[in-house]
1. Within segment 124-147, can one find any residue that is closer than 30 Å to Thr82 by Cβ and of a type in the set (A, V, I, L, M, F, W, C)?
2. Which condition does Thr58 not pass, out of (1) farther than 17 Å from Ser177 by Cα; (2) at pLDDT 85 or above; (3) not acidic (Asp, Glu), if it passes all the others?
3. Would you mind finding the one in Glu174, Glu185 that is over 18 Å from Arg87 (Cα atoms) and either β-branched (Val, Ile, Thr) or in the same structural domain as Ser64 (by TED's automatic domain parsing) (or both)?
4. So which residues in segment 173-204 are of a type outside the set (A, V, I, L, M, F, W, C), touching a residue at least 40 places away in the same chain (Cβ under 8 Å) and either in contact with a Leu (Cβ under 6 Å, 6 or more places away or on another chain) or in a helix (DSSP H, G or I) (or both), if there are any at all?
5. Would you point out the residue of segment 103-142, among those that are among the charged types (D, E, K, R) and closer than 17 Å to Ala193 by Cβ, that is modelled with the highest pLDDT?
6. So which residues in segment 163-172 are in contact (Cβ under 8 Å) with a residue 40 or more places away in the chain and either surrounded by 12 or more Cβ atoms within 10 Å (Cβ to Cβ) or not charged (D, E, K, R) (or both)?
Amino acid sequence: MAEVTAQLVKQLREETGVSMIDCKRALTESGGDVEKAKEYLRKKGLAKGEKMATRQATEGLVGSYIHTGGRVGVLVEVNCETDFVARGEIFQGLVRSIAMQVAACPNVEYIGVADVPEAVQERERDIEMGREDLAKKPEKIRAQIVQGRIEKLLKERCLLDQPFIKDQAITVDELISQTITKVGENIKVRRFARFVLGEGLKGS
C-alpha cells in the first residue's frame, strides 16, 4: 500500500477537479493507487469530468496539422462549451495535439468504439470466428477469445483509445478528461479527416 502523501492528493485534485478531502478519502480507500482512486471518485459521481460529459459543447475550433514535408495533413473539429475557452491557450493546445495524434496514427478511422458501425464489427467478428487457430476450441471459449480480439482491434482503430503521442502513459481520452478539469467545460472531438498525398490515385 502506497503512502497517501500531500503530493498524491494534489495530483489527484489537479487531474479530477475534486476537493482535497474527497481526493484524500479516495486515495485512502484505494491504497494510494491514483488510477483506482479515480475509479472510486467516478463511482461516487464526484469526478468533475463525469458531471460535465452530458453538457452541450457547441463552440470550439477546427484545427489543422501538416506533417513535415507536406505529405500528410489533418483537419479536426473539437468542441467546447464557450468561445472564451475556445480562444484559450489550453484548449488550442489540445486541438493541435489531437491533430498531431491523428497524423501519427494512420490506422485510426473512428473517434471512439461507439462510433464503429455495427456492420464493421460484425465483419470483423466473422473473420475472427473463422480463424484456424480457434477451430478446435469449444464454442463458448471461442466466443470469449473472439470478443477479446474484437475489442482490441476496435480500440486500435479508435482515436480516444490511442496512447497519447506526447505521453504514452495516458490515452487521448484521458488527455481530454484532464483538459476538461483544467478549463471547467465539456470537450468533445466531433470529427477528423486525414489526407495523405497521392492516396487513392492510380499507381499509388
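1. Going through segment 124-147, the residues closer than 30 Å to Thr82 by Cβ turn out to be none.
No, segment 124-147 has no match at all.
2. (2)
3. Going through Glu174, Glu185 in turn, the sole match is Glu174.
4. Those that are of a type outside the set (A, V, I, L, M, F, W, C), touching a residue at least 40 places away in the same chain (Cβ under 8 Å) and either in contact with a Leu (Cβ under 6 Å, 6 or more places away or on another chain) or in a helix (DSSP H, G or I) (or both): Asp173, Ser177, Gln178, Thr179, Thr181, Lys182.
5. Per the criteria, the residue is Glu109.
6. Answer for segment 163-172, where residues must be in contact (Cβ under 8 Å) with a residue 40 or more places away in the chain and either surrounded by 12 or more Cβ atoms within 10 Å (Cβ to Cβ) or not charged (D, E, K, R) (or both): Phe164, Ile165, Val172.
Table: residues versus (1) in the same structural domain as Pro163 (by TED's automatic domain parsing); (2) in contact with a strand residue (DSSP E or B) (Cβ under 6 Å, 6 or more places away or on another chain); (3) more than 13 Å from Ile176 (Cβ to Cβ).
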position: Ile66; (1), (2), (3): yes, yes, yes
position: Val74; (1), (2), (3): yes, yes, yes
position: Cys80; (1), (2), (3): yes, yes, no
position: Ile90; (1), (2), (3): yes, no, no
position: Ser97; (1), (2), (3): yes, no, no
position: Met100; (1), (2), (3): yes, yes, yes
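The values are calculated or read from the model by the stated rules, or taken from the named source; none is laboratory data. Being a predicted model, the structure only gives us computed values, none of them experimental. We place every Cβ from the backbone using ideal geometry, glycine too, and count neighbours over all the protein chains shown.
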